[in-house]
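What follows is calculated from the coordinates using simple rules that are stated; it is not laboratory data. None of the values given here were measured: they were computed from a predicted structure. Quick reminder, even Gly has a Cβ in these numbers, built from the backbone with ideal geometry, and neighbours come from all protein chains shown.
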Amino acid sequence: MAKHPHSSAQTPKQSSKSKKDVWYKLDLSAIVYPTLQRKDFSSVYRLSVVLKEAIDPVLLQKALDQTLPRFPTYKVAIRKGLFWRYLEPNNRPGPYVMEDIKNPCMPMPFKGNNRYLVRVYYYGHRIALEAHHCLGDGTGGMCLLQTLTASYLGLLGHPIKPEGFVLDIGSDPDPEELEDAYMRYANAQVCPPRPAEKTYRIRGTKEPFYTLNIIDGILSVKEVMTVAKQYNASITEYLNAVLLYALLQKQSADFHLRLRPVRIAMPVNLRRFFPSKTLRNFITMVYPSIDPRLGEYKFEEIVEHIHHYMRYYINDKFLRGDITTNAATQRNPFIRVVPLFIKDFVVRTFYTKVQDKNSSAGLTNMGALPVPKDMKPYIERFDIYMGQPFSSRTNCAIISFEDILTINFASSIVEADVERFFFRKLVQDGIHVKIESNRKPGTYS
């Protein structure tokens, strides 16, 4: 059993306090997610790994018990203060591994599950981790999932040397793992404005509560890379272009009084540009888009547009400005003393009326996933899901391991037109696609 790290993870200011007094202020991104919490919606994402042997739930529980204390910002409960929410250590029993369910990323009540904000599932060869986004982003979650997987394999007699996403569960956390890294880099001298124009919104038939439709595409990295190179693009640029192309086709097929721009909300991992070991949220959003009101775009033109957009906007200068814009409100001395219920009302209204209408779909790409050499022989593939969309649209998440690239769509509407247009374009470009889904056969073809 790993030594409990809370005392060693304290900052100098906290070092004289008891373990019960250790708490973490929500990071800059995490502030928003609890505000959007509804009975039928939580900001929950899922990461999963498929092993080559069936999962032993007893050993998986033991692995979770010895792994989670190494991640003090995940072994927490969320609490509400007068002005801000915060995370405090959770020493209640659990969380307990459970057999997987048909519809993942279900709402996560703050007082349920013994107040834990993580869930671990197993089914067949798969281990799945679900986490509330107020704890951290996909990078932090992947560290937890891979470290958990390494602990599990170790209990099976396959020791894994800590490396990359796999942390040493016997060591104390690096204080940098626990920091709000946004505030360290929010130092640009200008706050750039955000896109504000309304975009095309998918109109679909909302599914019943507790229903999340999943469609997975399993592809060859080599095949996708070959096609992307034919368009002089990276894999990320090519797949972004395919999703925009699918959204344009969907809008064209819909009844509409006027065309609107199609825009993707795409998170960028800021650790690529600003050194940080944080396991909390450290992402910002960029919004590649196409405006069909300017004329009809050929697919090649969409790829070229996205290629130049990525190079123009995804760099440390623009991203630092975006971080600074995000941090401006939190640093405002007046806003800091506004009661939490007023903050919640303002943030929820702004997100619903403005922010959520700024994009037609979400897309995240974790890219090629590094895995310790010792662990590779036991792994088949990884999956990632952005989770339940806040409104009627689809979210797309991409991850690759070795030569397996998985594209995971998640939506809460009946229609799967965007997914169909998306995968049809890949097939037209000569890419072989294997489809898996939790939908009934014939409902997504």
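How far is it, in nm, from the label point at Phe83 to the one at Arg271 when both lie 7 Å from their Cα along the line to the Cβ?
3.1 nm
Rank His158, Tyr287, Tyr182 by how far each Cα sits towards the positive end of the charge dipole of the chain (+1 on Lys, Arg Cβ; -1 on Asp, Glu Cβ) and give me just the farthest.
Checking the options against the dipole of the chain, the answer is Tyr182.
Using a simple charge model, +1 on the beta-carbon of Lys and Arg, -1 on the beta-carbon of Asp and Glu, nothing else, what dipole does region 47-173 show about its Cα centre, in debye to the nearest 20? Could the numbers behind the result be given before it?
Numbers: 14 positive and 11 negative charges, 102 e Å.
Around 480 debye, computed over region 47-173.
In percent, how large is the relative contact order of region 241-300, given Cα pairs closer than 8 Å and 6 or more residues apart?
Working: 57 pairs, mean separation 24.6, N = 60.
So the answer I get is 41 percent.
For the pairs Lys317/Lys425; Lys52/Lys357; Lys52/Lys440; Lys111/Lys250, note any where the Cα-Cα span goes beyond 31 Å. Display every interim value, and only then the final one.
Details: Lys317/Lys425 34 Å; Lys52/Lys357 42 Å; Lys52/Lys440 26 Å; Lys111/Lys250 40 Å.
Among Lys317/Lys425; Lys52/Lys357; Lys52/Lys440; Lys111/Lys250, the Cα-Cα distance tops 31 Å for Lys317/Lys425; Lys52/Lys357; Lys111/Lys250.
From the residues Pro333, Ile218, Ala228, which one has its Cα farthest along the dipole of the chain in the positive direction, the dipole being from +1 and -1 charges on Cβ of Lys/Arg and Asp/Glu about the Cα centre?
The Cα lying farthest towards the positive end belongs to Pro333.
Cα centroid distance between region 187-213 and region 283-323, in Å?
That distance is 16 Å.
Any idea which of Leu144, His132, Val58 is furthest toward the positive side of the dipole for region 21-170, if Lys and Arg beta-carbons carry +1 and Asp and Glu beta-carbons -1?
His132
How would Thr324, Thr67, Thr352, Thr205 line up from fewest to most surrounding beta-carbon atoms within 10 angstrom?
Details: Thr324 19, Thr67 23, Thr352 13, Thr205 8.
Ascending number of Cβ neighbours within 10 Å: Thr205, Thr352, Thr324, Thr67.
Is the shape of the chain rounded, prolate or oblate, going by the alpha carbon gyration tensor and its root eigenvalues a ≥ b ≥ c, with a/c under 1.5 for rounded and a/b larger than b/c for prolate?
Values: a/c = 1.61, a/b = 1.22, b/c = 1.32.
Oblate shape, in that a/c is at least 1.5 and b/c is the bigger or equal ratio.
Once label points are set 7 Å from the Cα along Cα→Cβ at both Glu402 and Arg439, what is their separation, rounded to one decimal in nm?
3.0 nm
How far apart, in nm, are the 7 Å Cα→Cβ label points at Asp174 and Ala54?
Modelled inter-label distance: 4.0 nm.
In what order do Glu53, Glu177 fall by count of nearby beta-carbon atoms within 10 Å, going from fewest to most?
On the way: Glu53 11, Glu177 23.
Going from least to most buried by this count: Glu53, Glu177.
Hey, got the dipole for the chain? About the Cα centre, +1 on K and R Cβ, -1 on D and E Cβ, debye to the nearest 20? Could you put the intermediate results ahead of the total?
On the way: 60 positive and 44 negative charges, 312 e Å.
My answer is approximately 1500 debye.
Pairs of Cα atoms under 8 Å, at least six residues apart: use those to get the relative contact order of region 353-445, whole percent.
Numbers: 112 pairs, mean separation 21.5, N = 93.
Here the relative contact order equals 23 percent.
May I ask you to compute the full-extension gain from Tyr123 to Lys298, defined as 0.36 nm times their residue separation minus their alpha-carbon distance, rounded to one decimal in nm? Can you show the working numbers first?
Working: separation 175, 0.36 × 175 = 63.00 nm, distance 4.29 nm.
Length difference between fully extended and current span is 58.7 nm.
If you place +1 on the Cβ of every Lys and Arg and -1 on the Cβ of every Asp and Glu, how big does the dipole about the Cα centre of region 242-332 come out, in debye to the nearest 20? Walk me through the numbers on the way to the answer.
Numbers: 14 positive and 8 negative charges, 110 e Å.
Computed about the Cα centre, the dipole is about 520 debye.
How much FRET efficiency would the formula 1/(1 + (r/R0)^6) give for Phe350 and His158, where r is the Cβ-Cβ distance and R0 is 56 Å, rounded to 0.05? It would help to have the intermediate numbers written out before the result.
Working: r = 49 Å, r/R0 = 0.87.
Using R0 = 56 Å, I get an efficiency of 0.70.
Where in region 230-268 does the amide nitrogen come within less than 19 Å of the point 7 Å from the Cα of Ser392, taken along Cα to Cβ?
247-263
Quick one: among Glu296, Glu130, Glu176, which has the greatest mean-square fluctuation in a GNM of the chain with alpha-carbon springs under 10 angstrom?
Evaluated over the chain, the most mobile residue of the options is Glu296.
Looking only at the chain, where both bridge partners belong to it, what percent of the DSSP beta bridges are antiparallel (to the nearest 5)?
On the way: 55 of 64 bridges.
Rounded to the nearest five, the antiparallel share is 85 percent.
From the phi of every residue in region 304-317, what ³J(HN,Hα) in whole Hz does the Karplus formula 6.51 cos²θ - 1.76 cosθ + 1.60 yield, where θ is phi - 60° and glycine or proline is x?
5, 4, 5, 3, 6, 4, 4, 6, 7, 9, 8, 8, 5, 5
Take Tyr45, Tyr378, Tyr96 and order them by how many other Cβ atoms sit within 10 Å, fewest up front. Kindly include the intermediate steps, with their values, before the conclusion.
Details: Tyr45 24, Tyr378 19, Tyr96 14.
Sorted ascending by nearby Cβ count, the order is Tyr96, Tyr378, Tyr45.
How high is the relative contact order of the chain, in percent, with contacts defined as C-alpha pairs under 8 Å that are six or more residues apart? Could you put the intermediate results ahead of the total?
Values: 866 pairs, mean separation 102.4, N = 445.
Relative contact order, the chain: 23 percent.
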